[in-house]
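The values are calculated or read from the model by the stated rules, or taken from the named source; none is laboratory data. This is a predicted model, so every value here is computed, not measured. Ideal geometry is used to build each Cβ from the backbone, glycine not excepted, and the neighbour counts take in all protein chains shown.
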Amino acid sequence: MILAFLLLIGGGWAWHSAGLANWRDRLFQYIDNRDIVTFEARFSPEQIIEAHRHELLENRRTLQNSVVKYYPYLLLEVKYPEHSKTREGVLLWGLHEGEIVLNTETWETTHGFKDCLECEANRTDFKILQALARHPGKMSIEELQKELHVEREMLSRWIEGAKQKHLVVQKGNLLQLHFENPKLLVSSQTKIKQQLVSKPLGEGEKIPKIYSHSQVSALTQAAFGGEFKIRSEREVFLPIYSFDILNADGSVQTSEWNALTGQRIIPHYLFLSFFSFTS
């Protein structure tokens, strides 16, 4: 409202003039630093440090810095058909990570939707992905055609499109998902028990979005079908504690911890390395 009024009275030339430059910057700073809607933290930084003191502060390590970061999520109020009934619920989608949160108690997420966001996967892509996910990740072309009830020529075009987006790979007559440990067959809603609160950003750091509302909205239709409807949407934030730990040799190690679960957030590259090593 303030911004619209400013544009009206100032005009395009005035908005870029030197006289209003400082006012414009202060206005955007105010808009960016107003109250945010965030999940209420269940753990304080002190509680997490005390519970994980051995892991964080062993071997003469010391806490150098602690910062609260707010990661952006899109909270969608949705309705969708299920078992001949209409269900209503909410869906929480990460605007930085690109994945759906399945349960806020554990912060379990999907795996594979980020790739689909980045390549703008469509409904036919998801028909193939979901069919493969129902059959341990791989099927023959004939099996896939039988499951999807589609003509071979049309299926070939669908497969080629999914291959070009690096969603599937083909080995002879066999088609398989191009994800490691995919999690694509999920419910259309998130299990949420935590409260949302409004609070000033204060000294916290707001992490920028990587994906837009429109990208997420388009992908929900592709993933869940045309009967899936978004009734409303709201941007909310997850508080994360970032600890800088000074090691005895002078190096600094940074770790991030979920303020709702109290658990460490494992960087994606370490997560993949761990499973590659143990598999």
(request) Being touching a Leu at 6+ places or on another chain (Cβ under 8 Å) and modelled with pLDDT under 95 is the filter; apply it to region 135-168 and report the residue that is farthest from Gly112 (Cα to Cα). (result) Lys138
(message) Take the residues in region 76-90 that are of a type in the set (Ser, Thr, Tyr) and out of contact with any helix residue (DSSP H, G or I) (no Cβ under 8 Å at 6 or more places or on another chain); name whichever of them is farthest from Leu102 (Cα to Cα).
(response) Ser84
(message) If the requirement is being modelled with pLDDT under 95, of a type outside the set (S, T, N, Q) and either part of a strand (DSSP E or B) or touching a helix residue (DSSP H, G or I) at 6+ places or on another chain (Cβ under 6 Å) (or both), which of these qualifies: Ile230, Ile245?
(response) Ile245
(request) Look through Ile230, Ile245 and report the one residue that is β-branched (Val, Ile, Thr), surrounded by 15 or more Cβ atoms within 10 Å (Cβ to Cβ) and over 19 Å from Phe126 (Cα atoms). (result) Ile245
(request) Count, please, the residues in region 138-165 that happen to be in a helix (DSSP H, G or I) and closer than 21 Å to Asn181 by Cα. (result) 5
(request) List the number of the failed condition for Ile141; all other conditions in (1) in contact with a helix residue (DSSP H, G or I) (Cβ under 7 Å, 6 or more places away or on another chain); (2) touching a residue at least 24 places away in the same chain (Cβ under 8 Å) hold. (result) (1)
(message) Going residue by residue through region 76-86, is there one that turns out to be among the acidic types (Asp, Glu), surrounded by 15 or more Cβ atoms within 10 Å (Cβ to Cβ) and either touching a strand residue (DSSP E or B) at 6+ places or on another chain (Cβ under 9 Å) or more than 26 Å from Gly250 (Cβ to Cβ) (or both)?
(response) yes
(request) Spot the failing condition for Gly204; the list is (1) of a type in the set (Gly, Ala, Ser); (2) modelled with pLDDT under 95; (3) farther than 20 Å from Thr104 by Cβ; (4) surrounded by 15 or more Cβ atoms within 10 Å (Cβ to Cβ), and only one is missed. (result) (3)
